[in-house]
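Data block below; observations after.
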Amino acid sequence: MEVLNATSTHLTDTAELVEKHVKDKSTTGISNSISSWVKTLSQHKELKGIADDLESLKEAISAKDGKKIVMLMSKVGSETTKASESADGSEAKKIKALGAALSAGAKAIEKFAK
């Protein structure tokens, strides 16, 4: 999981971004962050599923499809948390924190996305 180990700052920034967007109920600028992750993750076969789900999430956000956003954020959160098991040390903690932020974000969005 070299790609994940090389993106420490990106991981932290993304977790903070997810939390901020959920708190502010805003999607401004989220598309660029998702595109950046899709590009990074697409370079690795074992992470292609997460990249594909992120691409679908970006489309759901554009379409303002609340139910699909919740479903995809929850799925990507779970997949990210699982991917943390393949990382080492502090990177594993950051990846797990990102997965938790995505999962918590899905639960928060579910409350107002109906």
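Just so you know, all these numbers are worked out from the coordinates, no wet-lab data involved. In this text, all values refer to a predicted model and were calculated from it rather than measured experimentally. A quick note on method: Cβ atoms are made from the backbone with ideal geometry, for glycine too, and the neighbour counts reach across all protein chains shown.
Of K25/K58; K64/K96; K67/K111, which ones are farther than 19 Å apart at the Cα? Table pairs above 19 Å Cα-Cα are K64/K96. Considering the zone a paramagnetic label at E79 would reach in this model (a point 7 Å from Cα along the Cα-to-Cβ line), which residues of the stretch 97-114 have amide N under 20 Å from it? Counting backbone N atoms under 20 Å from the label point, the list is 97-110. The distance between label points at T9 and Q43 comes to 1.6 nm (points 7 Å beyond Cα on the Cα→Cβ vector). Were the residues from A63 through D88 laid out at 0.36 nm apart, the gain over their Cα-Cα distance would be 5.3 nm. A simple count of charges around T9, restricted to other residues whose Cβ falls under 15 Å of its Cβ and scoring Lys, Arg +1 and Asp, Glu -1, yields -1. Computed from Cα positions, the angle between helix 48-63 and the longest principal axis of the chain comes to roughly 20 degrees. Between G66, S42, N32, the Cα set farthest toward the positive side of the dipole of the stretch 2-112 (charges on each charged residue's Cβ, about the Cα centre) is that of G66. Built from the Cα atoms of the chain, the convex hull projects on average onto 5.9 nm², one quarter of its surface area.
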